[in-house]
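The structure follows.
The values are calculated or read from the model by the stated rules, or taken from the named source; none is laboratory data. Treat the numbers as computed from the prediction; the structure is a model and nothing was measured. When we count neighbours, we look across all protein chains shown, and the Cβ atoms used for this are built from the backbone with ideal geometry, even at glycine.
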């Protein structure tokens with residue numbers, strides 16, 4: 001039997017974190033939520049998830065800096081998917097240069113999120129593009 005995949009959802013919007021938790025848990029994932037960058041880094045230190053769904057625009061430490069810090073400590077894993085409403089080229093490039101594996105637009109319908117994240121967790125081959 002396959003191990004349940006663990007996802008950390010990081011966003012300063014509490015309602016969005018809670019909605020993602022409900023949807024992802026219903027899809028069979030184990031989900032934790034963090035509401036800022038420091039909290040996310042502390043949670044990852046306690047237990048490294050399989051995937052981090054990480055908001056780009058957060059007060060204090062933004063998601064790009066959180067991504068950089070995760071990559072400096074953990075290299076290839078966990079998979080990091082930046083979750084953003086800011087689709088400017090600079091933001092997308094900065095996210096990928098910081099070590100993100102993929103970008104998921106916040107306009108993605110919530111019912112598509114579990115399928116997209118499951119695809120990012122496939123252990124072989126390159127990550128699918130958005």
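Could you tell me which numbered condition residue 13 fails, if it satisfies all but one of (1) surrounded by fewer than 18 Cβ atoms within 10 Å (Cβ to Cβ); (2) free of Cβ contacts under 8 Å to residues at least 40 places away in the same chain?
The single condition residue 13 does not satisfy is (2).
Residue under question is residue 99, and the condition is that it be surrounded by 16 or more Cβ atoms within 10 Å (Cβ to Cβ) and more than 17 Å from residue 17 (Cα to Cα); does it hold?
Numbers: surrounded by 16 or more Cβ atoms within 10 Å (Cβ to Cβ): yes; more than 17 Å from residue 17 (Cα to Cα): yes.
So residue 99 passes the test.
Determine which single condition residue 33 fails, assuming it passes every other condition in (1) outside any loop (DSSP other than H, G, I, E, B); (2) more than 17 Å from residue 110 (Cα to Cα); (3) under 11 Å from the mean Cα position of the chain (by Cα).
So residue 33 meets the others, but not (2).
If you don't mind, there's one more thing I want to ask. Given the condition surrounded by fewer than 15 Cβ atoms within 10 Å (Cβ to Cβ), in contact with a strand residue (DSSP E or B) (Cβ under 9 Å, 6 or more places away or on another chain) and part of a helix (DSSP H, G or I), answer yes or no: does some residue in segment 47-60 qualify?
no
For residues in segment 6-30 being touching a strand residue (DSSP E or B) at 6+ places or on another chain (Cβ under 7 Å) and assigned to a loop (DSSP other than H, G, I, E, B), which is farthest from residue 112 (Cα to Cα)?
12
Here is a further query. In segment 97-111, how many residues are assigned to a helix (DSSP H, G or I) and either under 14 Å from residue 62 (Cβ atoms) or at pLDDT 95 or above (or both)?
Keep residues of segment 97-111 that are assigned to a helix (DSSP H, G or I), which gives 97-98, 110-111.
Those still in the list that are either under 14 Å from residue 62 (Cβ atoms) or at pLDDT 95 or above (or both) too: 97-98.
Within segment 97-111, residues that are assigned to a helix (DSSP H, G or I) and either under 14 Å from residue 62 (Cβ atoms) or at pLDDT 95 or above (or both) number 2.
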